[in-house]
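Report on one structure; see the data block that follows.
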Amino acid sequence: MTVVSNTSPLRYLIAIGRADLIQHIFGHVLISRGVREELTHSSCPEMVQKWMAHAPAWLETRDLAQSPESEFVRLLDQGEAEAIQLAIDLKADYLLIDERRGRQIATARGLTVIGTLGILIESHRQGRIQNPSDILGELRAARFRVSRRLVQEFEELIQSMKSPE
């Protein structure tokens, strides 16, 4: 399975100490140099920068075979543009990305996208986390932005997954 990640899912799950959720679901994950630069930039939380300084073997940085398409560069930030281009080049099974415009462009290019909330849902389904809503609260405290509509859909899905008592 080939999985490419943009900055956001890694940044926020690292920030709350739960990057392991990504590794447990996907195993090996690839990032572009642009994503690595965003995760190690001084504007990123210190915890994330330190984690990246000693990143585990399951997270691998890959160079792009070609520059991102001009549409990507025009509409997205560097990390998003590179993540989508890398996923296209490698024919990735999944692209981990949260930003709406990036998700729309990736989906239009035939990529299967999963965001941070999807990672929480799958982790819950696998029994790795008991209360995904609590973890969403931690993410939001770490400045993870998500619409009310998505939070409501997330909560409804989690509720529907609970077994009857």
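Read-outs: derived from the displayed coordinates by stated rules, not from any lab. Here the structure is a predicted model, which means the values were calculated and not measured. Cβ coordinates were reconstructed from backbone atoms using ideal geometry, including for glycine residues, and neighbour counts include every protein chain displayed.
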Taking only the alpha-carbon positions of the stretch 12-87 and ignoring solvent, what does the Debye formula give for the base-10 log of I(q)/I(0) at q = 0.13, 0.14, 0.21 Å⁻¹? -0.41, -0.48, -0.99
Is the shape of the stretch 79-133 rounded, prolate or oblate, going by the alpha carbon gyration tensor and its root eigenvalues a ≥ b ≥ c, with a/c under 1.5 for rounded and a/b larger than b/c for prolate? prolate
Mind checking the full-extension length gain between LEU150 and ARG100? Use 0.36 nm per residue of separation minus the Cα-Cα distance, one decimal, nm. 16.9 nm
In a Gaussian network model over the chain where Cα atoms closer than 10 Å are linked, find which of LEU120, LEU75, LEU96 has the largest mean-square fluctuation. LEU75
How much space per residue, in cubic angstrom, does the convex hull of the C-alpha atoms of the chain take up? 116
Any chance you could list P(r) for the stretch 67-165, counting all Cα-Cα pairs in 5 angstrom bins from zero, rounded to whole %? 2, 12, 21, 19, 16, 15, 10, 4, 1, 0, 0
Counting only helical runs of four or more DSSP H residues, what would the 222 nm mean residue ellipticity of the chain come to if each run contributes -39,500 (n - 2.57) and the total is spread over all its residues? -16500 deg cm²/dmol
In nm, the gap between the two label points placed 7 Å beyond Cα toward Cβ at MET1 and ALA142 is 2.1
Taking the Cβ of TRP51 as the center, what net charge do the other residues with Cβ under 14 Å away carry, scoring Lys and Arg +1 and Asp and Glu -1? +1
Here FRET efficiency (C-beta to C-beta, VAL73 to THR107, R₀ 25 Å, nearest 0.05) is 0.85
Within the stretch 17-105, trypsin sites (Lys or Arg not before Pro) in DSSP loop having at most 15 other beta-carbon neighbours inside 10 Å: LYS91
What number comes out for the charge environment of LEU120, summing +1 per Lys or Arg and -1 per Asp or Glu over other residues with Cβ under 13 Å away? -3
